[in-house]
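This report refers to the structure that appears directly beneath it.
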Amino acid sequence: MKRPLLIVGVFVNAILADFPNMIKPDPDTKKSEVIVDIMTTHFKTNGWNTVMCVGNLPTVFYSKIKQIPFTFVVMNLNNREDHYVDDVVPYHSNIIVISCQNFKDYEALIVKLITSPYWHPLANIILYYNRIEDKEIMAKIFFSLWYHKAINTIMVQYNDVEDTFLVSNYTPYVNEKYEVQPSNKFGCWTRRNLGIPVVGFEKGLTCVEGCHNVTILSRLRAQHLGTCIGFDTIPIKSIQDLKGLILFEDRSKNLHGFMFRSYVIEVKPFSIIDVHEDGSYTFRARDGMIWSTMSKLMNFGIDLSPSVSFMKKPFNFEVNIEKIFSFARRKGDLCLFPIYQFDVIVVEIDFTFPFKESGICIAAGRAGFETTLFEMKNLTVNLKYLFVFHGCFVCIWMVFSLYKAAEKGRFIWDQIGKDFMNAWRNVLMLNLCNPPKYESFRIFLTICLWCFFVLNFTTQAKIISFFTAAKRGKEVDTFEDVIEKGYPIEAMASPDLILPDTEEKFRIINSRLVYEQDIYGCITRMVNDNRRFCLIDCSVGRYIKRNKLNNKGEQYLHIAERDRIHSHYLTMVLSKHSPLTDRYNRYMMMIFEAGLVRKWEQYRYTDIKDEVTTKALSIQDLSGVFKVYCFYLGLTLLSFVIELAIPAIESCQKKITKLRKRKILAKARYD
């Protein structure tokens, strides 16, 4: 009876010894638990509530995510005829879970994934790899994700021999200040130049150990998206180990001094570059302060080496456009000059928070001080004042003449001339020559003169204003003023400078456009010849209007205020779906609301006081008065000569008459 008991005891001990293995979960369950724990523990709130599941994930995974309040989208390679909904609303995925067997399977899934409307590069991607892959292939996987701008990615691999998970977290911002595991640094680049699509990850992408081939000055960095890929791989045995990991880290929070290849063009006064003897540069003024502030807040560096050949040259629109397209193709990391925030998207870039209202304005020569002495238009408008003035003068003259005629009983031409001079003396407020003697007539004369005084004073003031240069002429402020002048309009060859073909005045202005490469040359040429208009950025135009002077030290420019070619905001741009965009916008909003942008724009060449629309009169301004004075003085002299000539003529006539009489008498005597 003891032998059966012994056998039963041995069997029970064997079962108890193998009990942990019997209750051990299967690999699919453990994999699902790890993925679900990463999804829930390291969830990042960004307003997107869609989870996309790509590949053949185990059934237990779907059973575990039923309670998560997300919208789920499933995609795999088994169904070749996936059903796509027309005009689907692209709700971007917050989390994308990818399950693949090998590198070939991964490539097929990624190629299909990026065409989905639910794909977004900034989604949090969990790549579950069902085998242990070598590091070079891992680097190529991470680089392929960076090629598609997917930066928030972790790779989970399962080691079935040791029953552990390997969690790898990568970054493309590797430098000497950002330490990753030394054996996990790889230099990667595309075989073809940027702008040409990659055909196959296996042959289209290259990764080698070490980052010596993709330095910031290398051709691979500039033309082939050369990137130093670094990643850390951490083994975990349980779900508890995941809680201590930092996954899906916001890279823009601290870039650890990573150097960005940058495009910049000097546009004074908002963008100024100082070149130092040691080969370094200082980027200052408004744009320089914006990027210097951002570099300190996000801890990155700015490398201007891609811009050395053109950044100090005169502004060239074609070079500017070329660099924007190069930046959009990722040949540069940053574009340090602002552009207009258009509604029409020409290149794939991210517009950031706008910091300045601007647009394209019309620059014209400043109107000078005008003298209206011999301007027929003003004379025609004010003709009534001239008639009133001369009427007052004639009435005063008649008063004096009538008095003298009444006093002497007849009109005498000599006395009329004296009365004419008394009338001018009265107008000029001088003492009269031989004033009236009779008391009654003096009272009459006083009443008449004071009646004329009001009109006389008003008309004199109006006429004197014809002879002065106290007012500026009419400035060019509307399209109608531009058309009236008839001058050519010099502008850069840009589509945004063309007005819509909806009105006749727009068509006339478009027909007068003359395209120039250097728009600042137009401003300079206006110093000597202002018979032209220049189309220029409104912000720059307002600055040069106040600070740019001609050879006489005077402001000579005017910016049309009422009508402009277009009105848009200025904004800095980042590459499409850049991981820096969100943080940059937050910082830029704070900078703008603090008034720092306006403060950084307070630049002045010289301390110029605001000029009023009038100026002190000089001898040149009063030359018209002297001309009229000389004219009337000439008339007076002519009258005086005539007055002297008449008695002489009469005397000569009398002498001639006497001589004739004598001749007649003498002839009669001889006869």
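The values are calculated or read from the model by the stated rules, or taken from the named source; none is laboratory data. Worth saying up front: this structure is predicted, and the values here are computed from it rather than measured. Cβ atoms come from the backbone with ideal geometry, glycine included; neighbour counts cover every protein chain shown.
Key figures
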{"read-out": "When residues of the stretch 247-296 are limited to those that are basic (Lys, Arg) and closer than 20 Å to Lys356 by Cβ, the one modelled with the lowest pLDDT", "value": "Lys268"}
{"read-out": "Which numbered condition Asp232 fails, given (1) charged (D, E, K, R); (2) outside any strand (DSSP E or B); (3) touching a residue at least 60 places away in the same chain (Cβ under 8 Å)", "value": "(2)"}
{"read-out": "Scan of the stretch 383-424 for residues that are surrounded by fewer than 14 Cβ atoms within 10 Å (Cβ to Cβ) and closer than 14 Å to Thr636 by Cα, ordered by number", "value": "Asp414"}
{"read-out": "Among (1) in a strand (DSSP E or B); (2) surrounded by 13 or more Cβ atoms within 10 Å (Cβ to Cβ) - the single one Thr282 does not satisfy", "value": "(2)"}
{"read-out": "Residues being farther than 29 Å from Tyr520 by Cα and either in contact with a Phe, Trp or Tyr (Cβ under 8 Å, 6 or more places away or on another chain) or at pLDDT 90 or above (or both) - total across the stretch 351-374", "value": "3"}
{"read-out": "Answer from Ser238, Ser295 - the residue that is closer than 24 Å to Asp350 by Cβ and not hydrophobic (A, V, I, L, M, F, W, C)", "value": "Ser295"}
{"read-out": "Residue list for the stretch 253-279, filter: surrounded by 15 or more Cβ atoms within 10 Å (Cβ to Cβ), part of a loop (DSSP other than H, G, I, E, B) and touching a residue at least 60 places away in the same chain (Cβ under 8 Å)", "value": "Leu255, His256, Val264, Ile265, Pro269, Phe270"}
{"read-out": "Residues within the stretch 76-132 that are part of a loop (DSSP other than H, G, I, E, B), out of contact with any helix residue (DSSP H, G or I) (no Cβ under 7 Å at 6 or more places or on another chain) and modelled with pLDDT of 85 or more, tallied", "value": "12"}
{"read-out": "Residue, farthest from Arg286 (Cα to Cα), within the stretch 560-577, restricted to residues that are basic (Lys, Arg) and touching an Asp or Glu at 6+ places or on another chain (Cβ under 6 Å)", "value": "Arg562"}
{"read-out": "Test for Arg598: is it among the basic types (Lys, Arg), surrounded by fewer than 18 Cβ atoms within 10 Å (Cβ to Cβ) and over 17 Å from the mean Cα position of the chain (by Cα)", "value": "no"}
{"read-out": "Pro20 being outside the structural domain of Leu113 (by TED's automatic domain parsing) and either at pLDDT below 80 or part of a helix (DSSP H, G or I) (or both)", "value": "yes"}
{"read-out": "Residue check for Gly391: under 23 Å from Val628 (Cα atoms), modelled with pLDDT of 60 or more and not assigned by TED's automatic domain parsing to the domain that holds Pro647", "value": "yes"}
{"read-out": "Those residues of the stretch 454-505 which are of a type in the set (Val, Ile, Thr), in a helix (DSSP H, G or I), buried (at least 17 other Cβ atoms within 10 Å of the Cβ) and modelled with pLDDT of 80 or more, in sequence order", "value": "Val482"}
{"read-out": "Cβ pairs under 7 Å, 6+ apart, first in the stretch 297-309 and under 12 Å from Met259 (Cα atoms), second assigned to a strand (DSSP E or B) and of a type in the set (Ser, Thr, Tyr)", "value": "Ile302/Ser262; Asp303/Ser262; Leu304/Ser262; Leu304/Tyr281"}
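The rows are residues; the columns are (1) free of Cβ contacts under 8 Å to residues at least 40 places away in the same chain; (2) in the same structural domain as Trp146 (by TED's automatic domain parsing); (3) out of contact with any His (no Cβ under 8 Å at 6 or more places or on another chain); (4) under 15 Å from Ser144 (Cβ atoms).
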site	(1), (2), (3), (4)
Gly204	yes, yes, yes, yes
Cys211	yes, yes, yes, no
Val214	yes, yes, yes, no
Ser218	yes, yes, yes, no
Arg221	no, yes, yes, no
Gly226	yes, yes, yes, yes
Gln240	yes, yes, yes, no
